[in-house]
Amino acid sequence: MTRDSLPVGPIAPQDLYLTPVALLSGSDAGAGNPLAGTALAFTRVEVAVRQTGRVERAILDLPKLAGWATGVGLAAEVDRRVASLSAPRPAFAGLDLSRPLVMGIVNVTPDSFSDGGDFAAAAAAVAHGLALMEAGADILDIGGESTRPGAASVSPSEEEARVVPVIRALAAAGAVISVDTRHAAVMAAALDAGARIVNDISALEGDPDSLALVAARGCPVVLMHMQGDPRTMQLEPRYADAALDVMDYLLARVATCVAAGIPRERIAIDPGIGFGKTVAHNLDILRHTALYHGTGCALLVGLSRKRFLAALSRGEAPKDRVAGSLAAGLACLDRGAHILRVHDVAETVQARALWQALHPA
């Protein structure tokens, strides 16, 4: 792909996308622009431009990008976007994002796809959370509603009854806690019990009160992309271009949140692997993980034990997808992900240690 394959006429800013590629680390990183405050840097980007019915792409180094942008009247816009890709991200819930963080999953549910029922009792969930802390989890993500494909919804009162005792106990033990919910009442109860972060698969769209609640409470929030809802999302997901369509959605949700009074530094985004996506969609999004740094927000990726890993391999059961989860997680770190949301914390922490040794800041 060359610059010659890109349009030379006027281009609307909303039709332009930049994905850092060929990322550098260690002593080589000084030769490039830093990537979102991580140990990585970039000197080249994949430029994507939406055209009627198609997307044109080319890989350009930064000087050639600047020259092309000037020619199409987007010099200031491209300068702004490169600066956004490069800028360090502020601490998230008090946690430094200059090194990758591990978010450990605690499902207080009877029917989650990976460990449904294992920790449905509050005592078992608390014990599991303590074990994940001991294994090195930086954050515990506690949820009381399964959002696996085809899952039925749970009433907010039932969800609250499941998670609040667990959050209260683990917060008392010193955990940084995220509550995985799409219901404003559960968000409020969880924050009152000691949670610091709201992690919403509906990106604060699933409950009409959630946006105002998060803005008023001043807590960090994770906004995830999902096509459809858990009951229907895997029936027939469709995209014009999966990576770019997800980016458009996340940019719009970030803008809505900022307008509602949630500062960008309190927002993390999640492209929603497996939530209304085929295997091909997931792979396209993962290849373009670095694209999502263009939101200017912290980047979280959750792909632990997901079905697409087995579809690419031998159809393994969820608990036998650890190797694939680690490989995919490390690929995301190679593209600058700030937070990995995982079931297998000890294994991920060990893999992260190796990754950090190979990518010194």
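So the values come out like this:
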quantity: From Asp192, Asp241, residue being under 26 Å from Ala172 (Cα atoms) and surrounded by fewer than 24 Cβ atoms within 10 Å (Cβ to Cβ); calculated: Asp192
quantity: Long-range neighbours under 6 Å by Cβ, at least six apart or interchain, first residue on the phi > 0 side of the Ramachandran plot within the stretch 235-264, second surrounded by 17 or more Cβ atoms within 10 Å (Cβ to Cβ) and at pLDDT 95 or above; calculated: Gly261/Ala215
quantity: Residue match in the stretch 154-174 (condition: hydrophobic (A, V, I, L, M, F, W, C) and closer than 21 Å to Gly276 by Cβ); calculated: yes
quantity: Search result, residues across the stretch 14-44 that are part of a strand (DSSP E or B) and either free of Cβ contacts under 8 Å to residues at least 60 places away in the same chain or charged (D, E, K, R) (or both); calculated: Leu24, Asn33, Pro34, Ala41, Arg44
quantity: Scope the stretch 325-361; condition part of a helix (DSSP H, G or I) and not aliphatic (A, V, I, L, M); matching residues; calculated: Ser325, Gly329, Cys332, Glu347, Thr348, Gln350, Arg352, Trp355, Gln356
quantity: Hits in the stretch 280-307 (condition: touching a helix residue (DSSP H, G or I) at 6+ places or on another chain (Cβ under 7 Å) and assigned to a helix (DSSP H, G or I)); calculated: His281, Asn282, Asp284, Ile285, Leu286, Thr289, Leu291, Tyr292, His293, Gly294, Thr295
quantity: The one condition in (1) under 20 Å from Ala361 (Cα atoms); (2) in contact with a Ser or Thr (Cβ under 8 Å, 6 or more places away or on another chain) that Arg341 fails to fulfil; calculated: (1)
quantity: Tally, over the stretch 309-361, of residues that are surrounded by 15 or more Cβ atoms within 10 Å (Cβ to Cβ), in contact (Cβ under 8 Å) with a residue 60 or more places away in the chain and charged (D, E, K, R); calculated: 4
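The values are calculated or read from the model by the stated rules, or taken from the named source; none is laboratory data. These numbers were taken from a predicted model, which means no experiment stands behind them. In this analysis, Cβ positions are derived from the backbone assuming ideal geometry, glycine residues included, and neighbour counts consider all displayed protein chains.
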